[in-house]
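Comments concern the structure below.
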Amino acid sequence: MTTATQANETQFNQNYYSSELTQFANTSQGNEDVEKALNFAAPCTLVPRRHDYKRITENDTFYSESDDIRTAGSPFKRIDFNGDTIQSKTFNKGLTIRVDTDDIAGGDWETRYVYALKRRLCCNEYRRTIRAFVETIKAAQKKSKKQIVEPDAWTGEKAQPDADLRNAVLTARSDYGFSPNRLLFSENAWYLRQDCYASQNNAGARIAAELSREALAEKLLVENVQLIKQVHLGLQGKELEGDEIFAFYAQNGLLKDEPSAVKRFVTPFDDGHLFRVYVEPHTKYTDITVEHYSNIVVTSATNILQIKVKGA
């Protein structure tokens with residue numbers, strides 16, 4: 001019998017630290033699907049455990065300088081990031097699984113449990129990220145700029161889903177002051193788009209129905225289009241109504257104060273790893289723990305626009 005529980009940092013004994021399994025947790029490629037989805041929606045930014053960051057209140061940072069030429073005897077122009085300075089910290093997160101001796105099978109059993117624990121931790125992070133998108137739009141509904149567009153139903157011969165998407169991107173630029181570079185579809189919204197085009201009796205619609213997400217991104221002049229997969233949200237993934245598309249700005253490898261809709265602040269351990277593994281053997285069972293430090297934060301709430309679509 002195996003059971004998974006919340007890990008408690010006060011219970012960790014360094015004698016149970018596993019260097020080999022920690023290396024596996026940080027280098028194995030098996031969970032790249034959920035990690036890719038997580039980094040797409042909430043790019044990873046390395047920070048100390050306690051840190052501050054800029055919460056962008058206005059979209060006034062998407063500029064380049066025309067006065068970066070230094071004159072003789074003078075310093076270069078110094079830039080700063082605008083926004084409110086927020087004091088924050090990353091949280092210690094982890095899970096422990098208890099493996100009964102009678103359930104052990106195969107020489108790689110420890111790595112298989114580490115793999116499963118890391119995947120669940122990444123799914124937990126992804127669910128928090130999607131919740132952050134949803135809550136940001138809910139909060140915007142109380143303000144003058146609602147950050148939501150609702151095109152006509154994606155049904156019938158006259159419906160043009162991709163034109164609606166393009167218009168939403170243009171609306172973000174003209175009305176909200178940011179240029180979306182990523183689109184995040186709920187699975188149902190993606191199916192609505194495909195079904196709409198598949199039902200139309202013309203060659204252009206048939207071509208549109210078969211477009212890959214990469215081709216759609218190129219068509220809309222954005223960096224990428226991804227899906228919010230239910231398998232990454234887990235059984236508790238009830239955040240979505242199922243008709244959401246989020247257009248937002250994000251970039252991998254940004255500094256902690258650069259604008260991005262949502263960021264995942266992460267604190268590495270002393271050895272540089274992002275995850276750490278402990279193995280605590282007992283007479284009839286073994287406890288395996290995977291831990292990490294992170295905090296998911298909306299650093300630029302005005303850089304998110306929801307496209308709320310509907311079918312027939």
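The values are calculated or read from the model by the stated rules, or taken from the named source; none is laboratory data. Source: prediction; values computed, not measured. Quick reminder, even Gly has a Cβ in these numbers, built from the backbone with ideal geometry, and neighbours come from all protein chains shown. What goes into the accessible areas is simple: the full protein's heavy atoms, side chains included, and nothing from ligands, DNA or RNA. Shrake-Rupley method; radii C 1.70, N 1.55, O 1.52, S 1.80 Å.
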- From the set of residues in segment 78-107 that are open to solvent by 80 Å² or more (accessible area, probe 1.4 Å) and either part of a helix (DSSP H, G or I) or of a type outside the set (K, R) (or both), which is nearest to T286 (Cα to Cα)? D102
- Determine which member of the set Y285, Y293 is buried (at least 22 other Cβ atoms within 10 Å of the Cβ), at negative phi and out of contact with any Cys (no Cβ under 8 Å at 6 or more places or on another chain). Y293
- Can you work out which of the residues in segment 163-175 that are surrounded by 15 or more Cβ atoms within 10 Å (Cβ to Cβ) and of a type in the set (D, E, K, R) is farthest from the chain's Cα centre (by Cα)? D164
- Task: Report the residue count in segment 249-272 for those that are under 19 Å from E35 (Cβ atoms) and either open to solvent by less than 40 Å² (accessible area, probe 1.4 Å) or in contact (Cβ under 8 Å) with a residue 60 or more places away in the chain (or both).
- Result: 15
- Item | Residues within segment 199-230 that are within 23 Å of V34 (Cβ to Cβ), aliphatic (A, V, I, L, M) and in contact (Cβ under 8 Å) with a residue 40 or more places away in the chain, tallied | 5
- Message: Can you find a residue that is in contact (Cβ under 8 Å) with a residue 60 or more places away in the chain, of a type in the set (D, E, K, R) and either open to solvent by 70 Å² or more (accessible area, probe 1.4 Å) or part of a loop (DSSP other than H, G, I, E, B) (or both) anywhere in segment 182-198?
- Response: yes
- Query: Is segment 220-232 home to any residue that is at pLDDT 95 or above, under 29 Å from N92 (Cβ atoms) and open to solvent by less than 20 Å² (accessible area, probe 1.4 Å)?
  - Reply: no
- Would you check which residues across segment 131-155 are touching a residue at least 12 places away in the same chain (Cβ under 8 Å) and either assigned to a loop (DSSP other than H, G, I, E, B) or small (G, A, S) (or both) and list them? A132, A139, A140, K145, Q147, E150, P151, D152, A153, W154, T155
- Show the residue pairs that are 6+ apart or on different chains and have beta-carbon atoms under 7 Å apart, the first residue being within segment 108-119 and of a type in the set (F, W, Y), the second being surrounded by fewer than 18 Cβ atoms within 10 Å (Cβ to Cβ). Y115/S28; Y115/G30
